[in-house]
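Rule-based calculations on the coordinates, nothing more; no lab input. Worth saying up front: this structure is predicted, and the values here are computed from it rather than measured. With ideal geometry, Cβ positions are generated from the backbone for all residues, glycine too; neighbour counts draw on all protein chains shown.
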Amino acid sequence: MPSHSMQTLSPAREPGVLVEVKNLTVGFGRGEFLAVKGIDFKLKAGEVVGLVGESGSGKSLTALSLMGLLPHGARIESGKIFFRGRDLAGLSEKERREMCGHLMGMVFQEPLTALNPVFTIGEQVSEIFRIRRGMRKAQANKAALSLLGQVGLPNPAEAAKSYPHRFSGGMRQRVVIAMALALDPELVIADEPTTALDPTIAAQIVWLLRDMAERRKAGVLFITHNLRILAGLAQRVLVMYAGILVEQTQGDFSDPLHPYTRGLLKALPPNPSEAQTARLTPIPGQPPSPSERFPGCPFEPRCPERMDICRKLLPKSVQVQPGRSVRCHKYE
Ligand SMILES: Nc1ncnc2c1ncn2[C@@H]1O[C@H](COP(=O)(O)OP(=O)(O)OP(=O)(O)O)[C@@H](O)[C@H]1O
Ligand SMILES: [Mg+2]
């Protein structure tokens, strides 16, 4: 483990809190375009937290901020990110890279980009055991085979000898998850890891991540458009809209509070097999563009329950129960 001399303690350091994000704001250019606007959340070890929201709501930029991988032109305008109580901003570039490399793993939507086409699957997983975990070659190969079996590849010995292009999307995603497991990170960020997969494979991938949280006490941040995929997977769900967190739920969402979360739920087909044919009830209208400035709630123009005040003032986040908060004037 690298030493982090420049560490700052989080004001609210709690046992088991892995990540704490405080008032994080991410912008482009000179801050005239804000994609993430003052979000707060915590993630504990062993916990799966879902992050949902429509396209463009700022989910990926939130994840990339945690990893220190913001795209060119984007920067953290304000706020703090603590990892195990250490302020990431207090680390040097080198310390930060080491920490992200050792303690965080990311699973992206398109697994092919994470795999090297010129090495076999076995070589790629085994290399992580050798370089990151200091194993000898034979030991690393054995560990790689065992892991490929654990992520559900039917014939691990055969798979280890194959090159990534021979694999289907679901198989590749399993390999990427095996690589994340080999790192044994404390935090795994999965950004829409199942979007390209069929529902059965997607469900298996979801359970692999859940298992990782349970057995290895890793924290998992699972990003998706689809609330349904989080049912039974996530202990908590963060709902993001136009760069703000509008609701944080505990457990499932049988009783959503924010009109946006209710809209998202209604937009889901009744069951996954009907996804192709069912008539959806999408929320009418479009989210605002990140360059728009307005004093009120960003959901107001689309909100079926809007009131006068909603246009004038951004609601504060109100805690309605421990672990449950909502940002809506109805609850203030
Ligand atoms: N590299 C970039 N340059 C300019 N704008 C960007 C860049 N990356 C993201 N944005 C903008 O920032 C906002 C938030 O983007 P982000 O990728 O975080 O959304 P998202 O919630 O992950 O969406 P999706 O569900 O489509 O992946 C969007 O308006 C997007 O257009
Ligand atoms: Mg995204």
Quick one: net charge of Ala144's neighbours, Cβ under 15 Å, K/R +1, D/E -1? +4
Taking only the alpha-carbon positions of the chain as identical scatterers, the Debye log10 I(q)/I(0) at q = 0.07, 0.11, 0.13, 0.14 Å⁻¹ comes out as -0.30, -0.74, -1.02, -1.17
By the gyration tensor of its Cα atoms, with a ≥ b ≥ c the square roots of the eigenvalues, what is the shape of the range 5-160: rounded for a/c under 1.5, prolate for a/b over b/c, or oblate? prolate
With +1 assigned to the C-beta of every Lys and Arg and -1 to the C-beta of every Asp and Glu, and no other charges, what is the dipole magnitude of the chain about the Cα centre in debye, to the nearest 20? 480
Explain nothing, just the number: relative contact order of the chain, from Cα pairs under 8 Å at least 6 residues apart, as a whole percent. 20
GluC sites (Glu not before Pro) within the range 40-105: which are DSSP loop residues with at most 11 other Cβ atoms inside 10 Å? none
Can you tell me the convex hull volume per residue for the range 17-61, based on C-alpha atoms, in Å³ to the nearest whole number? 75
Working out 0.36 nm times the residue gap between Phe294 and Glu32, then minus their Cα-Cα distance, what length gain in nm do you get to one decimal? 93.0 nm
Between their Cα atoms, which of Lys42/Lys316; Lys59/Lys316; Lys80/Lys266; Lys94/Lys142; Lys142/Lys217; Lys59/Lys266 are more than 25 Å away from each other? Lys80/Lys266; Lys94/Lys142
Ranked by Cβ crowding within 10 angstrom, fewest neighbours first, how are Ile283, Ile189 ordered? Ile283, Ile189
Among the lysines, which have Cα under 24 Å from the Cα of Lys137 when same-chain residues fewer than 8 positions away are ignored? Lys161
Got a sec? How would Asp198, Asp40, Asp87 order by Cβ neighbour count within 10 Å, fewest to most? Asp198, Asp40, Asp87
Just to compare against my own numbers: the Cα pair-distance distribution for the range 115-249, 10 Å bins, whole % per bin, please. 12, 40, 32, 13, 4, 0
